[in-house]
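Undergrad: This is the structure I have questions about; it appears just below.
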Amino acid sequence: MRRVTKSEVLKAVSNYGPIRLVGFSDEPTLYRMILPQRGDVYVKCGADILLNGLKTDLRAEARCPVCGNVTSFHIDQRRIEDLDPKEPMLHVVEFKMGPRHLGVECESTHIFDKKDCLTKWVSTYAGKHGLVISLPEYMSSLNQRLPRKVSPA
Ligand SMILES: [Zn+2]
């Protein structure tokens, strides 16, 4: 892994303020983020990666809950980049927590490497049905609903 220099850390802090991670997990999960400042961090669900990506650039790996294949991507400047494979699907169950706040139901929120896996998973899923959406689409929906508090210069 690339070494993080002091100037990069300071730059990240000034861009985003102190970073408060959401969905952090002490146990390994299907969802791993690689943060420039903190190294590897596991989060509880697929949407947590994207929510953290609103605050900081990161690299991520999401393991499909059906077949175990890894979907990797970067989030740069609140945009999904370098998706591999190209068309993973997100199933996300949201609940409202008031204006500018968003909650997601983690047990029902997953990133699938391909549509077939999502279809297979949904066929045995008994919980609340959520939104089925591509990662770039969900990221842009988060960007619209959870705008930056401070406008870029
Ligand atoms: Zn899969």
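Undergrad: Take Lys128, Lys55 and sort them by solvent-accessible surface of the protein heavy atoms, 1.4 Å probe, largest at the top.
TA: Lys128, Lys55
Undergrad: Let me ask something else about it. What nm distance separates the two modelled labels at Lys115 and Asp84, each placed 7 Å from Cα along Cα→Cβ?
TA: Distance between the two pseudo-spin positions: 2.4 nm.
Undergrad: Binning at 10 Å from 0, report for the stretch 25-98 what percent of all alpha-carbon pair distances ends up in each bin.
TA: 19, 55, 24, 2
Undergrad: Run the 1.4 Å probe and let me know the accessible area of His74, rounded to the nearest 10 Å².
TA: Estimated to the nearest 10 Å², His74 gives 60 Å².
Undergrad: Moving on to the next point. Longer than 22 Å from Cα to Cα, which of Lys96/Lys128; Lys55/Lys114; Lys55/Lys115; Lys55/Lys128; Lys44/Lys128 are they? Say none if no pair is.
TA: The answer is Lys55/Lys114; Lys55/Lys115; Lys55/Lys128.
Undergrad: Mind checking the alpha-carbon convex hull of the stretch 6-145 and giving the volume per residue in Å³?
TA: Hull volume over Cα atoms, normalised by residue count, gives 109 Å³.
Undergrad: Top to bottom by accessible area (1.4 Å), largest first, where do Ser25, Ser123 land?
TA: Output order, biggest surface exposure first: Ser123, Ser25.
Undergrad: Using 1/(1 + (r/R0)^6) with R0 = 22 angstrom and r between the beta carbons of Cys67 and Val132, what's the FRET efficiency to the nearest 0.05?
TA: Efficiency at R0 = 22 Å is approximately 0.80.
Undergrad: Does the stretch 73-153 come out rounded, prolate or oblate by the C-alpha gyration tensor, with a ≥ b ≥ c the root eigenvalues, rounded set by a/c under 1.5 and, if not, prolate when a/b is larger than b/c and oblate if not?
TA: It is oblate, given that a/c is not under 1.5 and a/b is not larger than b/c.
Undergrad: Tell me, in nm to one decimal, what length is gained between Thr124 and Arg145 on full extension, where the rule is 0.36 nm per residue of separation less the Cα-Cα distance?
TA: Gain in length upon complete extension: 4.5 nm.
Undergrad: Right, something else. Which sequence of Asp82, Asp57, Asp48, Asp26 reflects their accessible areas, 1.4 Å probe, from the largest down?
TA: Highest to lowest solvent-accessible surface, that is Asp26, Asp82, Asp57, Asp48.
Undergrad: Let me ask something else about it. What figure in square angstrom, to the nearest 10, would you give for the accessible area of Val92 with a 1.4 Å probe?
TA: Val92 has an accessible surface of roughly 0 Å² with all protein chains in place.
The values are calculated or read from the model by the stated rules, or taken from the named source; none is laboratory data. All values derive from a computational prediction rather than experimental measurement. Using ideal geometry, Cβ is built from the backbone for each residue, glycine included, and neighbour counts are taken over all protein chains shown. SASA here: full protein model, heavy atoms, side chains in, ligands and nucleic acids out. Shrake-Rupley method; radii C 1.70, N 1.55, O 1.52, S 1.80 Å.
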